[in-house]
Amino acid sequence: MNLKPTVMKCINEEILQQYVDGECEEREQIAVQKHIENCEGCYSRWEQCRARMIEIKRSLNILIDTLPAAPPFPVPAVKVPKRNYALQVIVPLAVAASLLLLIWLGPGKDKNSLPLEQVLQVCFATEVDANKPAHQQEFTITVVSPDGKVSEIIVQ
Amino acid sequence: MDTFEKTYQDNYNVMYRIAIKMLGNGSDVTDILQDVFMSFFEKQQQRKRVEYPRSWLCRATLNKCVDKLRKEKKFTDAEPAPDTEDKSICQEKQEMKALMSYCLTRLSPREKELVILYSEGLSYKELAQVTGIAFTSIGKTLSRSLKKLENELKTHGYEVYK
Ligand SMILES: [Zn+2]
């Protein structure tokens with residue numbers, strides 16, 4: 001905006017309103033202030049505008065008698081989450097698959113690790129927590145080896 | 001992001017005031033506010049991002065109020081201006097309220113919303129977000145709306161400056 005404080009034209013209603021509401025940019029605000037101090041007409045319009053702002057706000061507030069305290073918010077009972085195929089089946093399957101792959105290719109392979117075919121049981125349990133995004137869901141994977149050793153792995 | 005409870009506590013009163021100003025004194029706005037905050041709660045549950053919660057809540061509150069006014073047909077059928085002559089002092093405040101509510105109905109729906117939100121101290125940025133009026137037009141629209149309301153009040157004998 002090309003505002004030169006010393007030669008500023010009389011202030012239009014829009015700028016005056018912004019000025020009264022403290023919504024002018026700093027440079028503009030200084031220019032308006034300077035002008036008002038030196039122009040009787042604009043000074044009187046500024047007074048009017050300011051009085052209007054104060055009085056309308058005050059008048060509207062007579063509509064409010066008392067303010068009640070916010071009542072306790074009735075938090076709805078947690079809904080039973082709908083069966084989410086992606087979360088309950090695909091993701092655990094993917095996790096289990098990668099885990100098996102890890103066991104298979106893992107560093108323990110050349111020692112006492114079991115070949116893939118001998119890992120007899122892999123169970124995974126999921127309980128979808130509706131309050132958490134997908135990437136924060138927990139899965140428990142239980143691996144039972146043929147010698148009966150049970151390992152439980154929690155994946156987050 | 002604030003918790004739901006904090007947003008609720010921080011904004012309940014403002015939404016209450018906006019709803020009363022929209023509907024007139026004596027209206028029951030409890031249901032409206034519960035609906036509004038429930039929608040907000042569900043939005044958060046669904047992890048839908050609300051960038052400006054206060055603006056969102058203002059918009060939702062105004063919408064619910066407009067719905068209610070429509071249902072009550074107050075929105076279209078203009079009421080006669082309340083008679084303000086010869087009133088006892090104890091009646092005076094009620095009369096002023098009725099008159100104020102009436103004068104607000106003389107504004108366009110958009111002007112009415114703007115003036116009410118303005119009276120709640122919303123910034124121009126927030127006013128633009130809630131009303132959909134361009135930010136650069138807020139000053140102009142506001143100036144016009146405030147003058148219009150002032151004229152309505154004066155015309156109907158409301159003593160604006162006393
Ligand atoms: Zn001037």
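The values are calculated or read from the model by the stated rules, or taken from the named source; none is laboratory data. Quick caveat: nothing in here was measured; it's all calculated off a predicted structure. Note that each Cβ is placed from the backbone with ideal geometry, even for glycine, and that neighbours are counted across all protein chains shown.
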- So B:K154 clears everything in (1) more than 9 Å from every other protein chain (Cβ to nearest Cβ); (2) of a type in the set (D, E, K, R); (3) under 17 Å from B:I20 (Cα atoms) except one condition, right? Which one? (3)
- For B:R47, which of the numbered conditions (1) within 7 Å of chain A (Cβ to nearest Cβ); (2) more than 20 Å from A:L67 (Cα to Cα); (3) modelled with pLDDT of 95 or more fails to hold? (3)
- Would you check which residues across segment B:119-148 are in contact with a helix residue (DSSP H, G or I) (Cβ under 6 Å, 6 or more places away or on another chain), facing another protein chain (nearest Cβ under 9 Å) and under 14 Å from A:C49 (Cβ atoms) and list them? B:G139, B:K140, B:L142, B:S143, B:L146
- Message: For segment B:95-118, give me the residue count where each residue is facing chain A (nearest Cβ under 8 Å) and out of contact with any Leu (no Cβ under 8 Å at 6 or more places or on another chain).
- Response: 1
- Query: When you scan segment B:124-147, how many residues do you find that are farther than 15 Å from B:L57 by Cα and outside any helix (DSSP H, G or I)?
  - Reply: 2
- Task: Evaluate segment B:75-85: report whether one residue or more is modelled with pLDDT of 85 or more and either more than 11 Å from chain A (Cβ to nearest Cβ) or in contact with a Lys or Arg (Cβ under 8 Å, 6 or more places away or on another chain) (or both).
- Result: no
- Message: Tell me the residue from A:K57, A:K34, A:K79 that is charged (D, E, K, R) and modelled with pLDDT under 85, please.
- Response: A:K79
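Of everything in segment B:1-38 that's small (G, A, S) and in contact with a helix residue (DSSP H, G or I) (Cβ under 6 Å, 6 or more places away or on another chain), which residue is nearest to the other protein chains (Cβ to nearest Cβ)? Steps first, please.
Applying the first criterion (small (G, A, S)) to segment B:1-38 yields B:19, B:24, B:26-27.
Right, trim to in contact with a helix residue (DSSP H, G or I) (Cβ under 6 Å, 6 or more places away or on another chain) and you get B:19, B:24.
On the way: B:A19: 10, B:G24: 7 Å.
The extreme case among them is B:G24.
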